[in-house]
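The values are calculated or read from the model by the stated rules, or taken from the named source; none is laboratory data. No experiment lies behind these values; they were computed from the predicted model shown. Because the Cβ atoms are built from the backbone with ideal geometry, glycine has one as well, and the counts that use them run over all protein chains shown.
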Amino acid sequence: MAADPQPERSICNCFSGRTIISRWIIFGFIKFGFELKKQNNKSKNVTNSQQKVVRGNIFIKIGIAVLIVAVVVVFVVPGLTDRSYKNETNEPGGGYVYKRGNVAILDSLGKERVKIDAEFADTEYDRQRGLMFRKTMQEGQGMLFIFPVEEMQSFWMRNTYIPLDILFIDANKKIVTIHKNTKTLSDQSYPSTAPSKMFLKWLVGFVETWC
């Protein structure tokens, strides 16, 4: 298998939710900073015991602010990210554009069996997004997932409406595992049987025809 990526990408606004949250967090800490300064100015006119109470209250408020930030990061941000997948068009030619290129499947003698018009998922975000929520794919098209290291891989079909065949490929571009006719909208795990660096997804039935 050989890949010839042609970089192409549009600007994606999928992290706008995180940007808003970051502004809330910054505003909150600035507000507490001003309050801390104001309380310190007032504390100059009170007794030492009163100063300790004032400072204790300030630290409590800061602690609550930190807790709120932690809750937002753990529970809210993932939800916003998931919604961004749903709200953006993930169809070919839609609002989000992957890198594209040709992927050739060769036989054991090095002769080309078929060439695929492939989208490339080579970043963490693109690999997580993949083909989720997409409902159409033409014959001869697919998506190649590329990982930074060769290791045991697995995937599922959550939020995936298109039945697919999957090829796991090692660092030497050799097919090591094939999964046919994967179940759509499923959390069933489809693992590789050997370390792999890439896997290729295409329409169900393609493996029977070309591999």
Selection status of Gln188, assigned to a helix (DSSP H, G or I) and more than 21 Å from Val114 (Cα to Cα): no
Qualifying positions in the range 150-185 - within 18 Å of the chain's Cα centre (by Cα) and assigned to a strand (DSSP E or B): Ser154, Phe155
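Return the residues of the range 108-125 that are touching a strand residue (DSSP E or B) at 6+ places or on another chain (Cβ under 7 Å) and at pLDDT below 90; say none if nothing qualifies. Give the derivation first.
In the first step, residues of the range 108-125 are kept if they are touching a strand residue (DSSP E or B) at 6+ places or on another chain (Cβ under 7 Å); the result is 112-122.
None - no residue of the range 108-125 is touching a strand residue (DSSP E or B) at 6+ places or on another chain (Cβ under 7 Å) and at pLDDT below 90, so the list stays empty.
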What residue, of Glu119, Glu139, is of a type outside the set (A, V, I, L, M, F, W, C), in the same structural domain as Asp107 (by TED's automatic domain parsing), closer than 20 Å to Asn102 by Cβ and surrounded by 17 or more Cβ atoms within 10 Å (Cβ to Cβ)? Glu119
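What is the residue count in the range 97-113 for residues that are in contact with a Cys (Cβ under 9 Å, 6 or more places away or on another chain) and either in a helix (DSSP H, G or I) or surrounded by 14 or more Cβ atoms within 10 Å (Cβ to Cβ) (or both)? Can you show your working first?
Going residue by residue through the range 97-113, those that are in contact with a Cys (Cβ under 9 Å, 6 or more places away or on another chain) are 97, 105, 113.
Filter once more, keeping what is either in a helix (DSSP H, G or I) or surrounded by 14 or more Cβ atoms within 10 Å (Cβ to Cβ) (or both): 97, 105.
Of the residues in that region, 2 qualify.
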Is the range 172-188 home to any residue that is surrounded by 12 or more Cβ atoms within 10 Å (Cβ to Cβ), farther than 15 Å from Tyr98 by Cα, out of contact with any helix residue (DSSP H, G or I) (no Cβ under 6 Å at 6 or more places or on another chain) and among the acidic types (Asp, Glu)? no
